[in-house]
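Q: Once you've had a glance at the structure underneath, I'll fire off some questions.
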Amino acid sequence: MKEEKRYSSEQFPIVNTLYSWGYLMTLALCLVMSACGIQFQENSLYSGVEPAEAVVRPKSISMAVEPIIFDEDATNFWLPTDIDCTTGGIESKVKHSGNNALLIEWERDPKICEWAGFGIGWDDWAGKDLSEVFDYAAIQMYVRTTKGKMFGLPAVLTLEDYSGNMAWSYVGSSYFERYYLDEEWQKVEVPLNTFDLNEDGLDITNVKQLMFELQAAGSIYLDDIKLVYYEQKPKEIWLPDAPTTPTVNYPVQLFGDEFINGHGWGLLKDHCQDIQLTSTAPSQGQKAIHATWDTSKDDCYQVTMGVSWTNWFPVDISGLKDNLVISLDIKGSADLLTKQAIRFGFEDYERQTSFLVIDNSMLDGGTLSPNQWQQLQIPLSAFPAGANLKDIKQFLIRMDKAGEVYLDNIRLEMTNS
């Protein structure tokens, strides 16, 4: 075995001397710095925690994931097979571009259909990693009605991964180019980062498909569904010199013999509706609103009236949620409430809405007596989320299906509770 050599300091006197002097100088320096109140803090050169790697936006979406969801081919398109609440498929006569579009028709009766909609497993159902483009991209599509108008698209976009986890984003009207859908194509863009990844634990790196969950009823064409780069547009300032919260003294009479300040709309007559002021037996004053409607006719979707009580300035009512009520006088058939033919709501300046279906508990007397005026009181706290109560534009009355009603003495009032 080879003998290991060991060396002593005596064999290297110069090195030993330098080492000793270095030690003494270091010790002296430490004593001086301690006397001056300077202390050393022990730090490790490596913490063991890797910093989070920043996601870099790819030069193009196609470098990260296949961007085309639907173009011409419906190979990866599916409809429910166990129920017939949704029908549709390829349509070549009406298209936004190319040769084909999707025609989708649905009517979701809650008693029959647990789910209505369709899905697209684009890129031949491969697992898709959207993490690199999640904060930069949107799902873009072109939409139009088959006939007439639709005020909004009652759809929830759903991303599903290969473990069955999902994330959702509601197709709000703020994603549209225009306030309503009609027979002209328009672009709709839903940002990917509006999908909540935490609610159901969607794995954004292994997306299986995009699904459209549809509500109510409708008939539309869809085309050119794809991922595009998207940047949030700056909000346009509406009346830039206007106060965001005008001074309002409650109660406010939204309608007496007319709409407040003449800032109401929706009094019109066509083949879907006949909404007029009438002087025949109002609940108070000289006039009431008389409305008849039938949305089952062709080209009819919803019948709506609206009114602003702040000269169309945005108003903040968020702090009044526990005390503000909508009070009005109503007269109609006994089944008006049970068939949910009339709703009341608010709209904000981003075109988001909150609508409430009224029930008998809000009605004076507990039931609607035919052809008798009764008072209806709707607490603001009962409204579902939707409209931004800090940025309200108007009060809305929406009528669905078919019916007849008289309305009068519409007010915003404060309670003591």
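None of the figures in this text is laboratory data; all of them are computed from the coordinates on show. Fair warning: this is a prediction, and the values are worked out from it, not measured in the lab. No Cβ is skipped: glycine too gets one built from the backbone with ideal geometry, and neighbour counts run over all protein chains shown.
Q: Long-range amide H contacts for residue 116: which residues qualify at under 5 Å (H placed 1.01 Å from N, peptide plane, sequence gap of 5 or more or a different chain)?
A: Counting only residues 5 or more places away or on other chains, the set is 214.
Q: Follow-up. At residue 252 and residue 268, where each label point lies 7 Å from the Cα along Cα→Cβ, what is the point-to-point distance in nanometres?
A: 2.4
Q: Turning to a different aspect of this structure: Output wanted: per-residue J couplings in Hz (rounded whole) for region 345-361, from phi through Karplus 6.51 cos²θ - 1.76 cosθ + 1.60, θ = phi - 60°, x for Gly and Pro.
A: With the stated coefficients, region 345-361 comes to x, 10, 10, 9, 7, 9, 6, 7, 10, 10, 10, 10, 7, 6, 10, 5, 5 Hz.
Q: Can you give the FRET efficiency to the nearest 0.05 for residue 123 and residue 92, using r as the Cβ-Cβ distance and R₀ = 22 Å? It would help to have the intermediate numbers written out before the result.
A: Details: r = 23 Å, r/R0 = 1.06.
So the FRET efficiency works out to roughly 0.40.
Q: Suppose the Debye formula is applied to equal point scatterers at every Cα of region 252-414; what is log10 I(q)/I(0) at q = 0.08, 0.18, 0.19 Å⁻¹?
A: -0.21, -1.20, -1.34
Q: Count charges around residue 205 for me, please; just the other residues with Cβ under 13 Å from its Cβ, Lys/Arg as +1, Asp/Glu as -1.
A: Cβ neighbours under 13 Å give a net charge of -2.
Q: While we're here: Spelling out what I want: for every residue of region 118-132, take phi, set θ = phi - 60°, compute 6.51 cos²θ - 1.76 cosθ + 1.60 (Karplus), and round to whole Hz; glycine and proline get x.
A: Along region 118-132, the couplings run 7, x, 9, x, 5, 6, 6, 6, 5, x, 10, 9, 9, 5, 6 Hz.
Q: What is the mean projected area of the alpha carbon convex hull for region 61-229, to one decimal in square nanometres?
A: Values: hull surface 38.0 nm².
For region 61-229, the mean projected area of the Cα convex hull comes to 9.5 nm².
Q: Here's something else I'd like to know. Which aspartates and glutamates, if any, have their Cα less than 14 Å from the Cα of residue 393, not counting same-chain residues under 8 positions apart?
A: In chain and number order, the partners are 316, 347, 348, 350.
Q: Using the Cα gyration tensor of region 286-380, with a ≥ b ≥ c the square roots of its eigenvalues, what is the shape: rounded (a/c below 1.5), prolate (a/b larger than b/c) or oblate (neither)?
A: oblate
Q: Still on this structure, I have one more. State which entries of 149/269; 187/233; 93/297; 59/208 exceed 19 angstrom in Cα-Cα distance in the structure shown.
A: Flagged as over cut-off: 93/297; 59/208.
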